[in-house]
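Here the structure comes first, spelled out in structure tokens, and everything after it is commentary.
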Amino acid sequence: MNTVFKALSDPTRREVLTLLRDGPKSAGDLSAHFAVSKPTMSAHFAVLREAGLVRSEKQGKSVIYQLQMSVLEDALFGFTNMFGLSPADATPTPEPPQSKGQ
Amino acid sequence: MTDPAPNKPAARVLTIAVVGLMIAFAAIIAAKEFNLVDQAFARRGVSALLGLLLAVCGNYLPKLTRQPDADTALLGRADRAAGRGLILTGLAFSVIWLAAPLGTATAIASIVGLLGASACIAVWAWIARRAEGGSARLAITATDTAVRAAVAMIVLSIFVTFGIFEIDRIWGDQAAQWSAIIFSLMIAFGGGAPVFTTLFRRG
């Protein structure tokens, strides 16, 4: 359950979940909505996947993400949206640490 | 990048919950047999657990998704609507059995359960039938979603149990026993699955 709270605590990840309510989307389509780097978005996707809130499937060259929330997780998502930061207030997530070679 | 078994974690939690509730059922029945609890307590306990089982199935229903395709958003909405309804129905059934006087609970709980579950199944089927795409994806008992088939059978069985409770109340013990035997045989010989599959398959 901790992973679910962690996943829902971030406004960017909540916005990703909101976008996925309209149906499955590719990682590229989702990333296009945010002014953050690819590694940061990948980190967000990984957190959502780890929490079991989304599932991913590779279709050709793109990775398709699909919402996978239970009713209670959905309710929790609604509560965090209502009482937490709204997606519009989302601040850029810190970039993941770069490897030394880069 | 592809998840090797996307439904596995949800299925594992659901299985633990269902098995846990089954053990609780058995414990209450055993306690009654050994006269540790009275008939009324056992009846209330088993019925409350039945409602809880329905709520658990409803909660996990939207998590047991299909493969991504054009209809997933609509079908996901159908699952979420049905899931919420099943949770409310299950909890209402449990609360009635736990809080209402035994006579009142016997009279109204099954009606609440039957009406609630019927409404959920109707909404589920209505939304799902609007979706475009292959019929195999729409059938909740499709072979690529075995967990969904198991959940569907549990929900169907609980629905039938509500019906048997009501038959017992209206026509008595013997009619209820015959109904239980007939429904058990139907499910045992796979009669329930095709009916359920047909119900949710695209027309």
Residue hits (segment A:32-62; within 10 Å of the chain's Cα centre (by Cα) and assigned to a strand (DSSP E or B)) are A:V54
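State the number of residues belonging to segment A:11-32 that are within 11 Å of A:A51 (Cβ to Cβ) and touching a residue at least 60 places away in the same chain (Cβ under 8 Å).
From segment A:11-32, those within 11 Å of A:A51 (Cβ to Cβ) are A:13, A:17; that's our starting set.
Retained after the next criterion (residues that are touching a residue at least 60 places away in the same chain (Cβ under 8 Å)): A:17.
Residues in segment A:11-32 being within 11 Å of A:A51 (Cβ to Cβ) and touching a residue at least 60 places away in the same chain (Cβ under 8 Å): 1 in total.
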Some residue of segment B:133-140 being at pLDDT 55 or above and among the hydroxyl-bearing types (S, T, Y): no
Can you tell me which residue within segment A:46-81, out of those that are at the interface with chain B (Cβ under 7 Å from one of its Cβ atoms) and hydroxyl-bearing (S, T, Y), is surrounded by the most Cβ atoms within 10 Å (Cβ to Cβ)? A:S70
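Can we say A:K38 is surrounded by fewer than 19 Cβ atoms within 10 Å (Cβ to Cβ) and free of Cβ contacts under 8 Å to residues at least 60 places away in the same chain? Give the steps one after another, and end with the answer.
Values: surrounded by fewer than 19 Cβ atoms within 10 Å (Cβ to Cβ): yes; free of Cβ contacts under 8 Å to residues at least 60 places away in the same chain: yes.
So A:K38 fits the description; yes.
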Filtering segment B:83-98 down to residues that are small (G, A, S) and within 14 Å of another protein chain (Cβ to nearest Cβ) yields B:G83, B:G85, B:G90
Of the numbered conditions (1) within 22 Å of the chain's Cα centre (by Cα); (2) more than 14 Å from chain A (Cβ to nearest Cβ); (3) at pLDDT below 90, B:Y60 satisfies every one except a single condition; which is it? (2)
Among the residues of segment B:42-52, is there at least one that is more than 9 Å from every other protein chain (Cβ to nearest Cβ), at pLDDT 90 or above and more than 20 Å from the chain's Cα centre (by Cα)? yes
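Can you tell me which residues in segment B:63-80 are part of a helix (DSSP H, G or I) and either within 15 Å of A:P24 (Cα to Cα) or at pLDDT below 85 (or both)?
Initially, segment B:63-80 is screened for residues part of a helix (DSSP H, G or I), giving B:63, B:72-80.
Across segment B:63-80, the qualifying residues are B:K63, B:T72, B:A73, B:L74, B:L75, B:G76, B:R77, B:A78, B:D79.
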Of the residues in segment B:26-50, those that are without any contact (Cβ under 8 Å) to a residue 60 or more places away in the chain and loosely packed, with under 15 Cβ neighbours inside 10 Å come to B:A26, B:A27, B:I29, B:A30, B:E33, B:F34, B:N35, B:L36, B:D38, B:Q39, B:F41
Within the set of pairs 6+ apart or on separate chains, which have a first residue in segment B:165-189 that is of a type in the set (G, A, S), a second that is surrounded by 13 or more Cβ atoms within 10 Å (Cβ to Cβ) and part of a helix (DSSP H, G or I), and C-beta atoms under 7 Å apart? B:A175/B:I167; B:A176/B:I164; B:A176/B:I167; B:A176/B:D168; B:S179/B:I164; B:S179/B:I167; B:A180/B:I164
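Table: residues versus (1) under 15 Å from the mean Cα position of the chain (by Cα); (2) surrounded by 15 or more Cβ atoms within 10 Å (Cβ to Cβ); (3) in a loop (DSSP other than H, G, I, E, B); (4) modelled with pLDDT under 85.
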position	(1), (2), (3), (4)
B:A82	yes, yes, no, no
B:G103	no, no, no, no
B:L115	yes, no, no, no
B:S118	yes, no, no, no
B:V147	yes, yes, no, yes
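The values are calculated or read from the model by the stated rules, or taken from the named source; none is laboratory data. All of these numbers come straight from a predicted model, not from anything done at the bench. Reconstructed Cβ throughout: ideal geometry from the backbone, glycine too, with neighbour counts over all protein chains shown.
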